[in-house]
Ligand code: ADP
């Protein structure tokens, strides 16, 4: 039985008994059907109503089934036509198929055969409809995405200018107050300055992500030792870890590991991972930054592991989506270096974009309550690079 409420069938057959028995059969199958006694009447019904399928006898007086089909297809080639013919005239059915009929049914008509042919035909119509829907929602998604990029670009641009003005005046105030020797004011200015720096770095990461897609990293690639880079990143971040009593150690490969990549960007990616490890680890925790030369695979593994809060298994894929955050965003405190501190869910999507633009991949392993390890895998530079 069919349950296709929105599929209507028009049956064209000149012999009244047969016509009525077809209509009964179609209704029995749960389909909506109307009948016409010849091609002309059939075409009129098609003018007045929408039908998805036409079943027509080929051998009819006045206008035969073939001509009827031609005219139907000329008006609307989306309508599927199934022709009905006797065994003796099967060549006509084949020629109808060549001209666009969906299939043919031979007389005497078997209930089972009609069911099979209609089933195939309805499936085709539904697949086409789903295709159209998918295409529409795809276009909508693309438009939304463009709108989002545009929004980020405009917001970014509009925020940058007033921020730069603020920064300029605060620097001026800072100089005046330092000269006056007013400690309290000095402290307030310091707080304003730090807040401004954090806001500006947020704007920068939004900007990076929206422009990264068009970013051609190959121009910026050069040869460097990954250990040097990791050593620098640890050095520049040590103070933040120290402040929160989190041990930060490095376990670097004993020999240099050379990669050919965009050094500035890779540095940014490692920094993001390290800052996340800091944010999502409680006081007295431990974070390790390590590098490993996996010679057999011609790859380098850069791992940032922590014994922090961890990530639930069902969220592991989502965290790389822009703006996605596992925790409730309202629980953010202000500073980026605090436990569960400020962020906008852009860090990991940036890391992924950067690493993939450098022919690498990012992998994460995590156990809630125990900790996480983020691994950046990059191809090693070739001998003659
Ligand atoms: P955010 O600015 O929120 O840190 P990210 O894109 O860097 O954004 O990370 C997305 C989300 O992934 C975070 O909000 C956090 O829920 C989770 N996450 C990232 N790194 C870690 C980590 N080391 N430990 C636990 N959760 C993490």
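Remarks
- Per-residue extension of 0.36 nm, minus the Cα-Cα distance of residue 223 and residue 163, leaves a gain of 18.0 nm for this segment.
- Where only C-alpha atoms are counted, convex hull volume of the stretch 46-102 per residue in Å³: 74
- Note on residue 134 and residue 365: the extension gain reaches 79.8 nm, defined as 0.36 nm multiplied by sequence separation minus the Cα-Cα distance.
- Here each label is just a point 7 Å from Cα along the line to Cβ, and for residue 64 and residue 18 those points are 1.4 nm apart.
- The chain: angle of helix 226-243 to the longest principal axis, Cα-based, in degrees nearest 10: 70
- Cα-based helix-to-principal-axis angle, 16-28 vs the chain, degrees rounded to 10: 30
- Extension gain (nm, one decimal) between residue 78 and residue 47, 0.36 nm per residue minus Cα-Cα: 9.7 nm
- Its relative contact order, with pairs defined as Cα atoms under 8 Å and 6+ residues apart, puts the chain at 10 percent.
- Inter-probe distance in nm under a simple model that places probes 7 Å from Cα toward Cβ, at residue 89 and residue 242: 9.7
- When all alpha carbon pairs of the stretch 136-208 are counted in 5 Å bins from zero, the resulting P(r) reads 3, 14, 18, 15, 12, 10, 8, 6, 4, 3, 3, 2, 1, 0 %.
- Contact order normalised by residue count of the stretch 249-361, Cα under 8 Å, 6+ apart, percent: 29
- Equivalent-ellipsoid semi-axes of the stretch 1-149, from the Cα gyration tensor, Å, largest first: 32, 17, 15
- Ranked by how many other beta carbons lie within 10 Å on average, peptides 296-303, 263-270 from highest: 263-270, 296-303
- Globularity ratio of the chain, using Cα Rg and 2.2 N^0.38 Å: 1.64
- What the Cβ-Cβ distance of residue 323 and residue 231 gives, at R0 = 30 Å and to the nearest 0.05, is a FRET efficiency of 0.40.
- Cα gyration tensor of the stretch 281-369 - equivalent ellipsoid semi-axes, whole Å, descending: 25, 17, 12
- Between 0 and 90°, nearest 10: helix 111-180 axis offset from the chain longest Cα axis: 20
- Note that the stretch 156-273 shows a convex hull volume over its alpha carbon atoms of 151 Å³ per residue.
The numbers here are math on the coordinates, done by the rules we state, and not lab data. Just so it is clear, the structure is predicted and the values come from calculations on it, not from any experiment. Don't worry about glycine lacking a Cβ; one is built from the backbone with ideal geometry, like all the others, and counts go over all protein chains shown.
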